[in-house]
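Peer 1: Starting off with a structure, shown below.
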Amino acid sequence: MARPPLQKPLTPLPPGGAPGRAPRWFVLLSNGLTRNLSLAVAIAVCGLGLTALLFLLLRQAEADRFTHRFHRRASERVGDLRRSLEHEVELLRAVAAVLDASEAASAPLFERVVERGLGEVSDFRSIAWLRRVRGLERAAFEAGTLSPGDAARALHELDGEGRPVAAARREEHYPVVYCVSREGDAAQGADLGLDYAAFPERREALERAARSGTLLAAGPLPAERDGAPSLWLFQPLYAGDDVPTDEAQREVRLEGFAAAVLPIAPMLQRALASDDLTGIRLFVWAGGDSRRAPQPVFTTSPEPPESLPTLAQLESDPQVYLHDWELCGLQWRAIAVPVATSRDRDGLRWSWLALLSGLFLTAAATNAAARVSGERRRLSHEVRQFWRLSAEMLAVADRHGVLRRCNPAWATLLGRGEEEVVGRSLADLVHPEDRPATLALIGKLQKGAGTLQFDARLRNGAGRWRWFQWSVAPDESSDAIHAVARDVTEQRQTLAELERRATIDPLTNVLTRRALFERLGLEIRRAKRYGSPLSLAVLDLDRFKEVNDQHGHGTGDELLRRLGTLLRKSLRETDLAGRIGGDEFVVVMPQTDLDDARRAAARVLRAFHDDPGIATAGGERLPVRASLGVATLGPDVKDAAALVALADEALYDAKGKGRGRVA
């Protein structure tokens with residue numbers, strides 16, 4: 001039985017009014033506009049062109065002048081930042097130049113060297129002497145006997161919560177022997193014995209500095225106490241009066257490092273304290289690829305960190321100033337962008353004045369032409385709006401079904417734009433199973449048929465097939481086909497779900513009574529036509545009423561659900577199972593005589609007996625127990641009801657003989 005259409009057939013569209021008649025109305029519109037062109041329109045077009053050109057030239061000149069001035073100011077500010085960083089590095093180099101193994105042999109000497117080298121102008125948070133301690137030397141170091149003047153000091157590192165724990169054993173350790181901290185004696189004492197080799201980033205920088213013999217940095221990394229982004233600077237110190245030129249000699253003569261912690265933001269903020277930053281937003285990244293860093297290490301922007309622009313947004317600014325440099329083995333990037341209000345204050349006024357003047361003059365010239373062609377433009381706009389805003393897919397094809405144009409709804413509903421489908425035959429786009437019917441309909445349209453409707457599937461952009469209901473009709477000259485399609489996938493799925501609910505019992509997941517009798521009737525007609533055997537079994541749960549009375553209907557439903565599961569597992573794929581009453585089921589067995597049917601029924605009973613059953617609320621288990629009556633199709637059986645009645649009689653015989661058996 002054919003499914004009724006989901007909507008009423010579309011009436012034929014009036015000539016000239018159908019979507020897809022673009023070539024015709026476009027030609028008419030063009031001819032009309034050509035006839036209505038006047039001197040005023042020509043002057044308006046020229047005026048707009050000249051106005052736009054003058055505006056763009058003035059705008060570009062003003063933007064170039066602003067960019068030049070901004071880059072000059074930004075370059076000065078970035079230069080201050082860079083010089084401040086280089087100054088701090090030179091201070092550490094100066095301290096390291098006067099440190100050697102003998103002079104750093106005691107804490108007072110180390111403190112005097114550091115204070116004399118840095119004074120009060122440095123932003124270093126702390127400077128420490130890191131001694132190189134090989135793994136075999138650890139016990140001597142911790143006992144204070146590695147070298148004269150050493151104090152006993154345990155090596156430690158920090159756990160995940162920042163608490164000191166004993167340092168793990170490594171091939172080399174770099175503990176803090178002496179430390180000068182601007183955070184006070186408590187912080188200074190807490191750092192003594194801290195093994196810098198326990199920090200992967202610092203250890204990697206230490207190893208690179210030892211190999212190169214130059215001052216290198218690690219970071220930016222969060223400081224242990226306040227989490228502020230900081231640089232860890234490491235200057236290797238060697239035994240002797242010079243730095244070895246050979247890497248092997250540097251490895252042998254390495255004594256330790258002068259290590260300094262430099263908070264980035266306070267240092268850069270102080271460097272810009274006396275600068276005029278009006279109209280400038282400055283951002284600084286440090287340490288490798290700035291594109292991987294979520295936040296800059298320093299900025300003058302007042303926004304909170306989560307509201308800061310991304311690097312891509314900053315680089316897309318037309319007036320951006322960007323400066324990259326390398327310092328202590330780290331790549332630095334400074335980006336400056338103008339504040340929006342500074343652009344507005346900086347001028348950019350002559351271009352707007354020229355634009356407004358040109359528009360005013362052009363408007364006066366185009367007023368007359370607008371009145372003449374206004375109505376015609378309104379009509380053409382309505383046609384375009386209908387084509388663009390229609391929620392249904394509209395298309396125009398030639399008489400062979402090759403698509404020539406489609407509206408934006410194709411991209412909305414199907415995910416495939418005009419460029420993907422234009423030039424392809426509609427028969428090639430539909431599902432292969434729907435292609436013969438589609439070709440037949442195109443043939444009918446070529447022979448003069450009117451409006452036709454059909455359902456066919458199209459593949460969407462995600463590769464899934466969607467059902468569409470099509471209404472197609474030829475134009476008045478039969479040279480083109482106009483098509484309208486709407487997505488009916490959900491409607492078809494809804495109908496399929498309703499049909500499934502009508503044929504499948506929701507509790508036991510077997511066929512309903514109506515569906516079973518329909519299928520049984522087909523099997524009876526097939527068996528009589530081909531002379532094949534057909535048998536049937538009626539199944540009824542034993543003492544099911546007592547289960548409901550003693551344990552409740554919920555337990556009874558659970559027992560029925562378990563029975564349905566066992567039935568589906570026990571039967572062949574060709575067998576049918578259905579529920580025809582409360583606890584009464586029917587099993588249809590095609591191509592099965594009476595003896596085989598009884599053996600199949602016995603197999604079902606064994607499956608029931610082997611199953612542990614269901615658990616009740618009281619903790620006991622209820623087994624699935626049933627009786628079956630079997631009957632086979634004979635020449636005197638006329639219909640499904642008669643065959644079920646024969647099996648029902650056999651079922652009562654099984655019940656009378658003690659239940660739990662096949663009769």
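The values are calculated or read from the model by the stated rules, or taken from the named source; none is laboratory data. These numbers were taken from a predicted model, which means no experiment stands behind them. All Cβ positions, glycine included, derive from the backbone under ideal geometry; neighbour counts span all protein chains shown. Calculation scope for accessible area: heavy atoms of the full protein, side chains included, ligands and nucleic acids excluded. Shrake-Rupley method; radii C 1.70, N 1.55, O 1.52, S 1.80 Å.
Peer 1: Given (1) modelled with pLDDT of 90 or more; (2) closer than 19 Å to residue 534 by Cα, where does residue 573 come up short, assuming only one miss?
Peer 2: Residue 573 satisfies all of (1) modelled with pLDDT of 90 or more; (2) closer than 19 Å to residue 534 by Cα except (1).
Peer 1: For segment 503-541: of the residues being in a loop (DSSP other than H, G, I, E, B) and in contact with a Gly (Cβ under 6 Å, 6 or more places away or on another chain), which is farthest from residue 649 (Cα to Cα)? Write out each step before concluding.
Peer 2: Applying the first criterion (in a loop (DSSP other than H, G, I, E, B)) to segment 503-541 yields 505-510, 512, 531-533.
With the extra rule that they be in contact with a Gly (Cβ under 6 Å, 6 or more places away or on another chain), the set shrinks to 508-510.
Details: 508: 24, 509: 26, 510: 23 Å.
That would be 509.
Peer 1: Here's another thing I want to ask about it. Among the residues of segment 271-282, are any within 30 Å of residue 68 (Cα to Cα), open to solvent by less than 10 Å² (accessible area, probe 1.4 Å) and more than 38 Å from the chain's Cα centre (by Cα)?
Peer 2: Taking every residue of segment 271-282 in turn, at least one turns out to be within 30 Å of residue 68 (Cα to Cα), open to solvent by less than 10 Å² (accessible area, probe 1.4 Å) and more than 38 Å from the chain's Cα centre (by Cα).
One line per residue, one yes/no per condition, for (1) surrounded by fewer than 22 Cβ atoms within 10 Å (Cβ to Cβ); (2) of a type in the set (A, V, I, L, M, F, W, C); (3) free of Cβ contacts under 8 Å to residues at least 12 places away in the same chain:
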site: 192; (1), (2), (3): yes, yes, no
site: 201; (1), (2), (3): yes, no, no
site: 205; (1), (2), (3): no, yes, no
site: 220; (1), (2), (3): no, no, no
site: 224; (1), (2), (3): yes, no, no
site: 228; (1), (2), (3): yes, yes, no
site: 233; (1), (2), (3): no, yes, no
site: 239; (1), (2), (3): yes, yes, no
site: 251; (1), (2), (3): yes, no, no
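Peer 1: If you don't mind, there's one more thing I want to ask. Can you spot a residue in segment 167-187 that is modelled with pLDDT of 85 or more, more than 30 Å from residue 245 (Cβ to Cβ) and touching an Asp or Glu at 6+ places or on another chain (Cβ under 9 Å)?
Peer 2: Yes - at least one qualifying residue is present in segment 167-187.
Peer 1: Touching a helix residue (DSSP H, G or I) at 6+ places or on another chain (Cβ under 6 Å) and surrounded by fewer than 21 Cβ atoms within 10 Å (Cβ to Cβ): is that true of residue 596 in this structure?
Peer 2: Working: touching a helix residue (DSSP H, G or I) at 6+ places or on another chain (Cβ under 6 Å): no; surrounded by fewer than 21 Cβ atoms within 10 Å (Cβ to Cβ): yes.
Here the answer is no, as residue 596 does not meet what is asked.
Peer 1: Of the numbered conditions (1) open to solvent by 50 Å² or more (accessible area, probe 1.4 Å); (2) at pLDDT 85 or above, residue 79 satisfies every one except a single condition; which is it?
Peer 2: Going through (1) open to solvent by 50 Å² or more (accessible area, probe 1.4 Å); (2) at pLDDT 85 or above one by one, residue 79 breaks only (1).
Peer 1: Report the residue count in segment 415-436 for those that are open to solvent by 40 Å² or more (accessible area, probe 1.4 Å) and closer than 18 Å to residue 398 by Cα. Steps first, please.
Peer 2: Of segment 415-436, the ones open to solvent by 40 Å² or more (accessible area, probe 1.4 Å) are 415, 418-420, 422-424, 428, 432-433, 435-436.
After this cut, where a residue has to be closer than 18 Å to residue 398 by Cα as well, the list is 418-420, 422-424, 428, 435.
Looking only at that region, the number is 8.
Peer 1: Limited to segment 489-511, what total is found for residues that are in contact with a Lys or Arg (Cβ under 9 Å, 6 or more places away or on another chain) and farther than 30 Å from residue 563 by Cα? Break it down into steps so the answer makes sense when it comes.
Peer 2: The first filter runs over segment 489-511 and keeps only residues in contact with a Lys or Arg (Cβ under 9 Å, 6 or more places away or on another chain), leaving 489, 492, 495, 502-503, 505, 507-511.
Okay, now just the ones that are also farther than 30 Å from residue 563 by Cα, so 489, 492.
Qualifying residue count for the region: 2.
Peer 1: Taking the criterion of being open to solvent by less than 10 Å² (accessible area, probe 1.4 Å) and either in contact with a His (Cβ under 7 Å, 6 or more places away or on another chain) or farther than 19 Å from residue 541 by Cα (or both), would at least one residue in segment 603-621 satisfy it?
Peer 2: No, segment 603-621 has no match at all.
Peer 1: Taking interchain pairs and intrachain pairs at least six residues apart, which have beta carbon atoms under 8 angstrom, with the first residue in segment 549-577 and under 14 Å from residue 614 (Cβ atoms) and the second small (Gly, Ala, Ser) and part of a helix (DSSP H, G or I)?
Peer 2: 566/607
Peer 1: Here's something else I'd like to know. Please specify each residue of segment 529-542 satisfying the condition of being of a type in the set (D, E, K, R), surrounded by 14 or more Cβ atoms within 10 Å (Cβ to Cβ) and over 13 Å from residue 579 (Cα atoms). Working first, answer last.
Peer 2: The first filter runs over segment 529-542 and keeps only residues of a type in the set (D, E, K, R), leaving 529, 540, 542.
Cutting the leftovers down to surrounded by 14 or more Cβ atoms within 10 Å (Cβ to Cβ) gives us 540, 542.
Correct list: 542 only.
Peer 1: List, please: which pairs have Cβ atoms under 6 Å, are six or more places apart or on different chains, and start with a residue in segment 471-498 that is on the phi < 0 side of the Ramachandran plot and touching a residue at least 12 places away in the same chain (Cβ under 8 Å) and end with one that is of a type outside the set (Lys, Arg) and assigned to a helix (DSSP H, G or I)?
Peer 2: That search, which allows pairs on different chains as well, returns 474/445; 481/445; 487/413.
Peer 1: Would you mind finding the one in 138, 153, 125, 134 that is open to solvent by 60 Å² or more (accessible area, probe 1.4 Å), within 53 Å of the chain's Cα centre (by Cα), at pLDDT 70 or above and charged (D, E, K, R)?
Peer 2: Values: 138 fails: open to solvent by 60 Å² or more (accessible area, probe 1.4 Å); 153 fails: open to solvent by 60 Å² or more (accessible area, probe 1.4 Å); 125 fails: open to solvent by 60 Å² or more (accessible area, probe 1.4 Å).
That would be 134, the only listed residue that is open to solvent by 60 Å² or more (accessible area, probe 1.4 Å), within 53 Å of the chain's Cα centre (by Cα), at pLDDT 70 or above and charged (D, E, K, R).
Peer 1: Turning to a different aspect of this structure: Any idea which of 401, 448 is open to solvent by 20 Å² or more (accessible area, probe 1.4 Å), of a type in the set (Gly, Ala, Ser) and either out of contact with any Leu (no Cβ under 7 Å at 6 or more places or on another chain) or more than 26 Å from residue 493 (Cβ to Cβ) (or both)? Even if it seems obvious, please write down each step before you answer.
Peer 2: Numbers: 401 fails: open to solvent by 20 Å² or more (accessible area, probe 1.4 Å).
Going through 401, 448 in turn, the sole match is 448.
Peer 1: Considering only residues that are in a loop (DSSP other than H, G, I, E, B) and under 19 Å from residue 481 (Cβ atoms), which ones fall in segment 417-433? Steps first, answer last, please.
Peer 2: Within segment 417-433, the first condition is being in a loop (DSSP other than H, G, I, E, B), and the residues that meet it are 417, 422-424, 431.
Within segment 417-433, 422, 423, 424 meet the criteria.
Peer 1: Taking the conditions exactly as written (within 39 Å of the chain's Cα centre (by Cα) and among the charged types (D, E, K, R)), does residue 226 satisfy them or not?
Peer 2: On the way: within 39 Å of the chain's Cα centre (by Cα): yes; among the charged types (D, E, K, R): yes.
It is true that residue 226 is within 39 Å of the chain's Cα centre (by Cα) and among the charged types (D, E, K, R).
Peer 1: Can I ask one more? Does residue 581 fit the bill of being farther than 30 Å from residue 634 by Cβ and open to solvent by 20 Å² or more (accessible area, probe 1.4 Å)? Spell out how you get there, then give the answer.
Peer 2: Details: farther than 30 Å from residue 634 by Cβ: no; open to solvent by 20 Å² or more (accessible area, probe 1.4 Å): yes.
Against the criterion (farther than 30 Å from residue 634 by Cβ and open to solvent by 20 Å² or more (accessible area, probe 1.4 Å)), residue 581 does not qualify.
Peer 1: Got a sec? Which of 336, 265 is outside any helix (DSSP H, G or I), at pLDDT 80 or above and under 21 Å from residue 84 (Cα atoms)?
Peer 2: Numbers: 265 fails: outside any helix (DSSP H, G or I).
Selected residue: 336, the only one of 336, 265 that is outside any helix (DSSP H, G or I), at pLDDT 80 or above and under 21 Å from residue 84 (Cα atoms).
Peer 1: For segment 550-663, give me every one of the helices (runs of 4 or more DSSP H) that falls completely inside it and has 3 or more residues that are under 50 Å from the mean Cα position of the chain (by Cα).
Peer 2: Working: elements: 553-570, 594-610, 640-656.
The qualifying helices (runs of 4 or more DSSP H) are 553-570, 594-610.
Peer 1: Which of the numbered conditions does residue 515 fail, given that it passes all the others? Conditions: (1) touching a helix residue (DSSP H, G or I) at 6+ places or on another chain (Cβ under 6 Å); (2) touching a residue at least 12 places away in the same chain (Cβ under 8 Å); (3) open to solvent by 20 Å² or more (accessible area, probe 1.4 Å).
Peer 2: (3)
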